[in-house]
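See below for the structure under consideration.
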Amino acid sequence: MQSPDRREELLERAYRRGYALRRRRQWTTTLATLAVVVIVGTGVFAVARPSDDHTLSVVPTTTTAPTTCLVVPPVTQAVDAPRDVADWSIGAPVVGSAHLWTARSALDVQAVHDSNVWRLKFPWFTRLPFGLPQIDGRRIDGPGTFHSDVNKATSPDGTDWVASSLEFSEPGCWEITARYYDPTLPLTFRVEIGAKETALEHALRRFGVVVNAAPPSAVDLGDAKFCGTETRSVGPESAVNEAGRRCFREAFDTHRPAVFVMVEYTVEGDPIVTIYRSQADGAIDKFVDSTQDKFGQRDWQGATCGRLAIASSSSSPNIVSYGFAAKDCSPFTTVSG
Amino acid sequence: MTVRHDESFDDAFDGLFAVAERVARRVAGPSDAEDVAAEVMGRAFARWSRLKSLPYLEAWVARVAFNEALDVFTRNRRRQPAGATGPVDRDAGDDIAMRIALNEALAKLPRRQREVVALRYLADLSEADTATTLGLTVGSVKQHCRRALQAMRERLGADCVFELEG
């Protein structure tokens, strides 16, 4: 062990880091991937400062609505991002380059319909020198007007970032372009505003699944009943969703379509999402999304299973397969989105 | 200005720091081990109210240290210019080369095997503690271990894996 002085220094460092993480956790949601977005919504830490407003009118276009609106810039995992960007995103994946970044999960958040406009709280991170980005929006599939309200915000640990409120006059497919520091490097993406989301899609997004890029056979709820989700991790976060398991088992027993989602985390903290679907013909379809596993195959795999093995009890609630061991399965094959 | 201390964390600090530093030293190298361990202890304190009663507290620290050290190691490697050679002595160079090879081979293992190897050989946990931590039986731990070491021997040769085991 170190000298007493060095030991005190390291202990002090651990306390400071621990308190900083605690403070950070207090004003975030339990889902790290959505934390930044929710923080913007609260606006608690926004520092009073004149806002920077932009309004843009859009000329109606004849462009037909694209089948898939969401266009995501290349995603950067936190480990590959600049350290200040990764710290700001609390380890969640980000999109952006050079001086302007945002959280990948922010693109999945749905706008709120309020007083005839759709509002979306949206976070940005501008690297030093700090400043406010200029944000423009245009609707791709029809007319509409866009308005942005941009403010400086400060995290409890002293990090400056940008809280913005984006307002859309109409639902539809919108292209957002933000510029900061170097106008030749804009950050552009498309989001669906006012889209209806199923409970399954909502749940999958919470676990970082890019629903629009997933196989429809896995993520389209259709007329199936959504029985819920269950998370597995080492430690006290694990919880068996008994109601969800019962719902799924009953659906399977009675040949009714139902969906149950299980999520486990790798040692690196990457979610692996497994979707169980019971079909009307008594079969079980099993889909595994490893696209977020840095050391996995990073694809969707699917198999069809003939029966569901039921365990009578479990002395170890951490064993996720309790009650849901799908048997007589076909070999797993890659399923494309 | 000093921060408010927690007596139970103060008491556990030395033992847990030693576990984190040991794992970090083996994965990231001696120069980064202390920084990694300090970061891990910060994370531990952030969750201390729940962690302190865990029966596998040391295993938790070891897992977090392994992840953090692997991140640091990967980042450092990326920053190194390709083909760069420095005035390192032969032993140090061999040590770094060995660590690179081991980490790369570890990263290629299936997830469960990788977890088992990390806990058994980097954190020096017993088979029973590894099993408890991962929610496996001792038999499964042995099986994963055997397969993992076999795969690594095929990739690296017996001498290199001996370094891991030794």
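The values are calculated or read from the model by the stated rules, or taken from the named source; none is laboratory data. Just so we're clear, the structure is a prediction, and the values are computed from it rather than from any experiment. With ideal geometry, Cβ positions are generated from the backbone for all residues, glycine too; neighbour counts draw on all protein chains shown.
Note on region A:240-279: residues that are in a loop (DSSP other than H, G, I, E, B), touching a residue at least 24 places away in the same chain (Cβ under 8 Å) and either farther than 15 Å from A:Leu308 by Cβ or within 14 Å of chain B (Cβ to nearest Cβ) (or both) amount to 5.
Take the conditions (1) under 30 Å from A:Pro271 (Cβ atoms); (2) surrounded by fewer than 17 Cβ atoms within 10 Å (Cβ to Cβ); A:Trp124 misses just one of them, which is (2). Close contacts from region B:102-117, counting a first residue that is within 11 Å of another protein chain (Cβ to nearest Cβ) and a second that is among the aromatic types (Phe, Trp, Tyr), with Cβ to Cβ under 8 Å and a gap of 6+ residues or different chains, come to B:Ala107/A:Phe295; B:Lys108/A:Phe295; B:Arg111/A:Phe295; B:Arg114/A:Phe295. Screening A:Phe226, A:Phe189, A:Phe207, A:Phe260 for residues that are in the same structural domain as A:Tyr276 (by TED's automatic domain parsing), at pLDDT 90 or above, over 18 Å from A:Ala325 (Cα atoms) and aromatic (Phe, Trp, Tyr) leaves exactly one candidate, A:Phe226. Restricted to region B:128-146, and to residues there that are buried (at least 18 other Cβ atoms within 10 Å of the Cβ) and free of Cβ contacts under 8 Å to residues at least 60 places away in the same chain, the residue that is nearest to B:Trp60 (Cα to Cα) is B:Leu134. Considering (1) within 14 Å of chain B (Cβ to nearest Cβ); (2) among the hydroxyl-bearing types (Ser, Thr, Tyr); (3) in contact with a helix residue (DSSP H, G or I) (Cβ under 7 Å, 6 or more places away or on another chain), the lone condition that A:Thr231 does not fulfil carries the number (3).
Per-residue answers, yes or no, for (1) outside any helix (DSSP H, G or I); (2) at pLDDT below 70; (3) more than 10 Å from chain A (Cβ to nearest Cβ):
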position	(1), (2), (3)
B:Arg50	no, no, no
B:Ser53	yes, no, no
B:Arg78	no, yes, no
B:Thr85	yes, yes, yes
B:Val88	yes, yes, yes
B:Ala92	no, yes, yes
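Taken together, the residues in region A:280-299 that are away from chain B (no Cβ under 14 Å) and either at pLDDT 90 or above or more than 19 Å from the chain's Cα centre (by Cα) (or both) amount to 9. Within region A:173-184, the set of residues being touching a strand residue (DSSP E or B) at 6+ places or on another chain (Cβ under 6 Å) and either assigned to a loop (DSSP other than H, G, I, E, B) or among the small types (Gly, Ala, Ser) (or both) comprises A:Ala178, A:Tyr180.
Could you tell me how many of the residues in region B:1-39 are assigned to a helix (DSSP H, G or I) and either buried (at least 19 other Cβ atoms within 10 Å of the Cβ) or in contact (Cβ under 8 Å) with a residue 24 or more places away in the chain (or both)? Outline the logic, then answer.
First, the residues of region B:1-39 that are assigned to a helix (DSSP H, G or I): B:7-27, B:30-39.
From the residues that got through so far, the ones that are either buried (at least 19 other Cβ atoms within 10 Å of the Cβ) or in contact (Cβ under 8 Å) with a residue 24 or more places away in the chain (or both) too are B:8-9, B:12-13, B:15-17, B:19-27, B:32-33, B:35-39.
Final tally of qualifying residues: 23.
Just one residue in the set A:Ala224, A:Ala203, A:Ala213 is more than 23 Å from A:Leu107 (Cβ to Cβ) and either surrounded by fewer than 17 Cβ atoms within 10 Å (Cβ to Cβ) or out of contact with any Asp or Glu (no Cβ under 6 Å at 6 or more places or on another chain) (or both); that residue is A:Ala224.
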